[in-house]
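Colleague: Questions regarding the structure given below will be posed in turn.
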Amino acid sequence: MNTTPNDFDKTDLVRLWLHEATRVFSDRLIDIKDNEWFLEHVKSNITKNFNVNFYDTFEHLDVEATKEINVDCVRRLFFGDYMTPTEEEKRPYKEVHDLDALAATMNEYLTDYNNQSRQQMDLVMFKFAIEHVSRASRVLKMPGGNALLVGMGGSGRQSMAKLATFMAGYKIKQIEITKSYGQFEWREDLKEVLRGAGCSQDPLVFLFSDTQIKDEGFVEDINNMLNAGEVPNIFA
C-alpha cells in the first residue's frame, strides 16, 4: 500500500512480497530452524505462484557467491522510505540496494537526532541495529501502526524506536513516572496522546516501557487504544 505501480516491475514486486512476508511472519520466529523452514516455504510459493526462478530473482543478495539464498542473505533485503529526506512530500517505499549507503544514512539521522535532542544516543549502527530500525520504521508508517519490541533490558529497544520515529518525522510522547504518579496522571497523559494523534497535523508515537507499568490498568488502557482506538470514559 506504500508503493506505486510506476516504481515496480515484476522482479521488484516479487522482492517486495518476500520482504513483507518476512516482516509479517519471520520476525516473530525465534530460532534459526523455524526461519529456515519459513524460507523454504516462501521459496516454493514464489516459484509456484510468481513463475520465476528464485535464485535469479534474489541473486544480488548472494554477496559471497554461494549460489544459494539462505536466511543470512534475506537479511540483506531492505525496503523503506527512509533513504528519501523527510522534507520530501512523497517518500517512495522501495528497495535499498546499497547497504553501505543505508548505514551512512542512518548515521546521519542519528547525528541530526543528537544535534536536536537533550538526551544524546551514543549508538553503533551495526547490522542488527539497522535491521531493527528498518522494521520499526516500516511499522510506524502504517495507519495505526504499533509494535511490541521484545528484548533484554538495555538492548536498545527504546533507542531504536526513538531513531525510527525521528526518521519518520513524527513527534514522540513518553510518560515520566514519579512517586505520586497514579491513575489520574496516567489518564491526563493518555488524553494528550489521543488529542495529539487524533486532532493535530503531526503524527505521534507513544513509547511505553515495561518498567513504567506502575498499575495493571495502564496495560488495559493501552489494549483498548490498540483494539478500539479509544479508552472508555476517558473524556467527559
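The values are calculated or read from the model by the stated rules, or taken from the named source; none is laboratory data. On a predicted model such as this, the values are computed, not experimentally measured, just so you know. Glycine gets a Cβ as well: all are built from the backbone with ideal geometry, and neighbour counts include every protein chain shown. These area figures cover heavy atoms from the full protein model, side chains too; ligands, DNA and RNA do not enter into them. Shrake-Rupley method; radii C 1.70, N 1.55, O 1.52, S 1.80 Å.
Colleague: Whole-Hz Karplus ³J(HN,Hα) for region 169-177, in order, using 6.51 cos²θ - 1.76 cosθ + 1.60 and θ = phi - 60°, x for Gly and Pro?
Modeller: x, 9, 7, 10, 10, 10, 8, 10, 7
Colleague: Then there is this: Which shape class, rounded, prolate or oblate, goes with region 1-57 when its Cα gyration tensor gives a ≥ b ≥ c as root eigenvalues, a/c under 1.5 marks rounded, and past that a/b bigger than b/c marks prolate?
Modeller: Cα axes put region 1-57 in the oblate bin.
Colleague: While we're here: What list of ³J(HN,Hα) values in whole Hz, one per residue of region 106-111 in order, does the Karplus curve 6.51 cos²θ - 1.76 cosθ + 1.60 (θ = phi - 60°) give from phi, with Gly and Pro shown as x?
Modeller: So the J values, rounded to whole Hz, are 5, 5, 5, 4, 4, 4.
Colleague: Further question: Taking Cα atoms, how many degrees apart are the long axis of helix 127-140 and the longest axis of the chain, rounded to 10 and kept between 0 and 90?
Modeller: Approximately 60 degrees, to the nearest ten.
Colleague: May I pose another question? What list of ³J(HN,Hα) values in whole Hz, one per residue of region 214-226 in order, does the Karplus curve 6.51 cos²θ - 1.76 cosθ + 1.60 (θ = phi - 60°) give from phi, with Gly and Pro shown as x?
Modeller: Coupling constants for region 214-226: 7, 9, 4, x, 4, 5, 4, 5, 5, 4, 5, 4, 6 Hz.
Colleague: Same structure, new question: Return one whole number: the accessible area per residue of region 38-80 in Å², for a 1.4 Å probe.
Modeller: Solvent-accessible surface per residue comes out at 54 Å².
Colleague: Report, by chain and number, residues whose modeled amide H sits under 5 Å from the one on residue 79, excluding near sequence neighbours (fewer than 5 apart, same chain).
Modeller: Those qualifying (amide H under 5 Å, at least 5 residues apart or on another chain) are 96.
Colleague: Would region 119-216 count as rounded, prolate or oblate if I go by the C-alpha gyration tensor, calling it rounded below 1.5 in a/c and otherwise prolate when a/b exceeds b/c, oblate otherwise?
Modeller: It comes out oblate by the Cα gyration axes.
Colleague: Run the simple label-point estimate for residue 234 and residue 56 please: 7 Å along Cα→C-beta, distance reported in nm.
Modeller: 5.3
Colleague: Sticking with this one: With loop defined by DSSP as not H, G, I, E or B, and exposure as at most 12 other Cβ atoms within 10 Å, which is the longest segment of the chain clear of exposed trypsin sites (Lys or Arg not before Pro)?
Modeller: In the chain, the maximal stretch lacking such sites is 1-66.
Colleague: Once amide H atoms are built 1.01 Å from N in the peptide plane, which residues 5 or more positions from residue 205, or in another chain, come under 5 Å H to H?
Modeller: 171, 172, 173
Colleague: Go through 10/141; 33/141; 10/48 and tell me which ones have a Cα-Cα distance over 21 Å in this structure.
Modeller: Beyond 21 Å between Cα atoms: 10/141; 33/141.
Colleague: Okay, moving on. Can you pull the accessible area of residue 9 for me, 1.4 Å probe, Å² to the nearest 10?
Modeller: Number for this one is 90 Å².
Colleague: Can I ask one more? Treating the angle as unsigned and between 0 and 90°, give the value, to the nearest 10°, between the Cα long axis of helix 157-168 and the longest Cα principal axis of the chain.
Modeller: It works out to around 80 degrees.
Colleague: Could you order 123, 39 so the one with the most accessible surface comes first? Probe is 1.4 Å.
Modeller: Ranked from most to least accessible, the order is 123, 39.
Colleague: Considering only protein heavy atoms, with the full assembly of protein chains and a 1.4 angstrom probe, order 131, 188, 89 by accessible area, largest first.
Modeller: From most exposed to least exposed: 89, 188, 131.
Colleague: Here's a follow-up. I'd like the FRET efficiency for residue 36 and residue 63, computed as 1/(1 + (r/R0)^6) with the beta carbon distance as r and R0 of 22 Å, rounded to 0.05.
Modeller: Efficiency at R0 = 22 Å is approximately 0.70.
Colleague: Run the accessible area of the chain with a 1.4 Å probe and give the carbon-and-sulfur part as a rounded percent.
Modeller: 51
Colleague: Go ahead and set up a Gaussian network model of the chain, Cα springs under 10 Å, then flag whichever of 120, 174, 201 fluctuates most.
Modeller: 201
Colleague: Can you grab the distance from the C-alpha centre of region 30-105 to the C-alpha centre of region 183-236, Å, no decimals?
Modeller: Rounded to whole Å, the Cα centres lie 35 Å apart.
Colleague: Next question, about the same structure. Please give every one of the aspartates and glutamates within straight-line cross-link reach of residue 214, meaning a C-alpha to C-alpha distance under 12 Å, and leave out same-chain neighbours fewer than 8 residues apart.
Modeller: Candidates past the 8-residue exclusion: 176, 185.
Colleague: Specify whether the C-alpha gyration tensor of the chain places it in the rounded, prolate or oblate class, a ≥ b ≥ c being the square roots of the eigenvalues: rounded for a/c under 1.5, otherwise prolate if a/b is larger than b/c and oblate if not.
Modeller: Here the chain falls in the prolate category.
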